[in-house]
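Remarks on the structure that follows.
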Amino acid sequence: MVRFRVVKGSHLLLGVAAVALALVVCLLAFRLFAAEDGGTGAVPTGGAAVEQDVEEAGTARAVFASSAGSPGIEITVLDAVEGQAPTTENELLDETVPPLELAAPQEPAVSPAEAAPRVLIYHTHTHEAYEPTESDPYEALEAWRTADEEHSVVRVGEELAKLLRAQGCEVVHDTTDHELDDLSTAYVRSEATLLTYEEPFDLYIDLHRDAYVEGVGENALHADGVDYAKLMMLIGRGDNFQVKPHFEENYAFARALTDALNEGTPGICRDVLVKTNRYNQHIGVYSILVEVGNNRNTLTEALNSMRPLSEAIAELMTRE
């Protein structure tokens, strides 16, 4: 037998009202808890994940990410905290934008240093390494990454530092490990390192190893009996930051450096790449990110490229 229960209209209305009131109370309690505790929540929207972090100061930060690993991932930061970089900057995935088109007379001139140029070399992605060889293997943390500074991009930075010193530059090579166990927040840690230096430098170089992408052309350049890893300058616009990078100055320097490199060793440097993030390039003029080859290059090829790079830098920074 099926029994039906009849509920009076007044009772039904009271029940609905009670449920609605409970929902409102729960919502208010949740928002109060989130504001006090800095909690996070994730809400899907338009096929993308939106992650909201509530900072202690009450500033919300939203990160819009497409499917993991897909090219062209776009990272957007809303109401960024003054001077704070987003934790998810990644030069391999950040949005690429058209390069700045400036008429030659309007392009900022590269100003040489008044005395011996002061150069800081550091590595946001400290563990980046190259294609291992039988004659020169290394212990890998994962594919093409190692904590062994003799085989990572740190070794390449040391070679550049040595050659720049020989060119008359005053060089600090900071080998602080900014990756640790969280690659996604490396730029936050490298910014903290940069802020420990009280005196400014004439040139800040964040030295990286790029990732191989099929179809971009040859990895190496063979010239005058030497195999060089190809180079590339990356400059950020800092679209979503309150504290912007020195974009026009940095871009002009990167273009001038690219031209000087290709004039001395034709074909060694790719065109300047411009992206939306800032890569700590707000720290001072001039600040550049240099990609030295990719994971299909050998360490030897990367080291070979430091001589033309050092000569081009010295030419720009010390010319009269």
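Filter the range 309-320 for residues that are modelled with pLDDT under 95 and open to solvent by 10 Å² or more (accessible area, probe 1.4 Å) and give the result. The answer is 315, 318, 319, 320. Answer yes if at least one residue in the range 170-180 is farther than 20 Å from residue 235 by Cβ, of a type in the set (Asp, Glu) and at pLDDT below 95, and no otherwise. Checking the range 170-180: at least one residue is farther than 20 Å from residue 235 by Cβ, of a type in the set (Asp, Glu) and at pLDDT below 95.
When restricted to residues that are modelled with pLDDT of 85 or more and open to solvent by 20 Å² or more (accessible area, probe 1.4 Å), the range 181-192 contains 7.
Scanning the range 286-308 for any residue that is of a type in the set (Val, Ile, Thr), surrounded by fewer than 23 Cβ atoms within 10 Å (Cβ to Cβ), out of contact with any helix residue (DSSP H, G or I) (no Cβ under 9 Å at 6 or more places or on another chain) and more than 18 Å from residue 157 (Cα to Cα) turns up nothing.
The set of residues in the range 194-243 that are within 14 Å of the chain's Cα centre (by Cα), open to solvent by 30 Å² or more (accessible area, probe 1.4 Å) and basic (Lys, Arg) contains only 237.
Residue check: residue 254 meets all listed conditions (1) touching a residue at least 40 places away in the same chain (Cβ under 8 Å); (2) closer than 23 Å to residue 154 by Cα; (3) buried (at least 20 other Cβ atoms within 10 Å of the Cβ) but one, namely (1).
Please find, within the range 252-276, the residue that is farthest from residue 311 (Cα to Cα) out of those that are of a type in the set (D, E, K, R) and assigned to a helix (DSSP H, G or I). The qualifying residue farthest from residue 311 (Cα to Cα) is 255.
Contact annotation: residue pairs with Cβ atoms under 6 Å, 6 or more positions apart or on different chains, pairing a residue in the range 173-184 that is charged (D, E, K, R) with a partner that is open to solvent by less than 30 Å² (accessible area, probe 1.4 Å) and assigned to a strand (DSSP E or B), are 174/122. When residues in the range 134-151 are screened for being among the β-branched types (Val, Ile, Thr) and at pLDDT below 90, 0 of them pass.
The values are calculated or read from the model by the stated rules, or taken from the named source; none is laboratory data. The structure presented is a predicted model; accordingly, all values stated were derived computationally and were not measured. Because the Cβ atoms are built from the backbone with ideal geometry, glycine has one as well, and the counts that use them run over all protein chains shown. Keep in mind that these areas ignore ligands, DNA and RNA; they rest on the heavy atoms of the full protein, side chains included. Shrake-Rupley method; radii C 1.70, N 1.55, O 1.52, S 1.80 Å.
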